[in-house]
């Protein structure tokens, strides 16, 4: 049975879900709140099982061809206005500093 499916969100998950639903014979419409595409977006790190998924989708080589390095981390508000910018790797140090200067020890096995 073919379904008409509405997906809310044009981020990474919406189009990926749409791809698989179309492969199963469903009709898909994606809606997105943003009026236009942004120049940048969230960093996406593909590893582990996601590599297999990209390969099954037939887009792994294209994704690898577009690989980039993170130059900075920019935080924006709901209107897309920049509210903070951090250098690459700097966000990790600052977050660690804000929680007491060290990472917590892992919980003991079985805890």
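Under the 0.36 nm per residue contour assumption, what length would be gained going from the current alpha-carbon distance of residue 59 and residue 79 to full extension?
4.1 nm
Which percent of Cα pairs goes in each bin when the distances of the range 5-45 are cut into 5 angstrom slices starting at zero?
6, 21, 28, 22, 13, 9, 1
A short reminder: the numbers here are calculations on the coordinates, not readings from a lab. Quantities reported herein were computed from a predicted structural model and do not represent experimental measurements.
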